[in-house]
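Working notes for the structure below.
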Amino acid sequence: MKPPVEHVRVSARSKELLIKIKRRTGLEHWNEICRVALCRSFANQTPPPIASKFGESSIDMEWKTFAGPHHEVLAALTILKAKLDGIDTLQRDNIADYFRAHLERGIMSLQNVNAIYDIYQLQ
């Protein structure tokens, strides 16, 4: 399955949050935190707000680095969730913006995490 994006990038605000989350939890890699964030956002029943522009940061990883061994599952989940939320999945830009909106919302949802244990306690 084709990934929703070739390169995963986060906003400058999300980068700052990722630095804090990384320090607080001891998770060593951006991709680990970002995967958790994406799944947290997917668990939310409401569609994420899609911003017209995301400020770029220096965090940039390839899709396979981001998704790891779950690359096909995460790509399929993104497409399925987009279809359920009424996103035109035939337009690649729509899917990329939708994915990015979920990732950004997910990172925001982790901003108050103080330890790795807190991630498991989030509901």
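The values are calculated or read from the model by the stated rules, or taken from the named source; none is laboratory data. Because the structure is predicted, anything quoted here is derived from the model rather than measured. Heads up, the Cβs are rebuilt from the backbone with ideal geometry, glycines too, and the neighbour counts pull from every protein chain shown.
For the list (1) assigned to a loop (DSSP other than H, G, I, E, B); (2) of a type in the set (Gly, Ala, Ser); (3) surrounded by 14 or more Cβ atoms within 10 Å (Cβ to Cβ), I need the number of the one condition that Ala75 fails.
(1)
Which one is farthest from the chain's Cα centre (by Cα), of the residues in region 1-52 that are over 15 Å from Met108 (Cα atoms) and of a type in the set (A, V, I, L, M)?
Met1
Has region 39-53 got at least one residue that is part of a strand (DSSP E or B) and in contact with a Lys or Arg (Cβ under 6 Å, 6 or more places away or on another chain)?
no
Within region 54-68, restricting attention to residues that are surrounded by 15 or more Cβ atoms within 10 Å (Cβ to Cβ) and part of a loop (DSSP other than H, G, I, E, B), which residue is modelled with the highest pLDDT?
Ile59
How many residues does region 94-115 hold that are crowded, with 20+ Cβ neighbours inside 10 Å and touching a helix residue (DSSP H, G or I) at 6+ places or on another chain (Cβ under 7 Å)?
So the count comes out to 11.
Which pairs do you get when a residue that is in a loop (DSSP other than H, G, I, E, B), found in region 84-98, comes within reach of a residue that is loosely packed, with under 15 Cβ neighbours inside 10 Å and at pLDDT 95 or above, reach meaning Cβ atoms under 6 angstrom, with the pair 6+ apart or on two chains?
Going by the 6 Å Cβ cut-off, the qualifying pairs are Thr89/Lys83.
State whether the residues of region 25-37 include one that is among the aliphatic types (A, V, I, L, M) and in contact with a Cys (Cβ under 8 Å, 6 or more places away or on another chain).
no
Any idea which residue in region 1-38 is nearest to Thr65 (Cα to Cα), counting only those that are without any contact (Cβ under 8 Å) to a residue 12 or more places away in the chain and assigned to a helix (DSSP H, G or I)?
The residue in question is Glu32.
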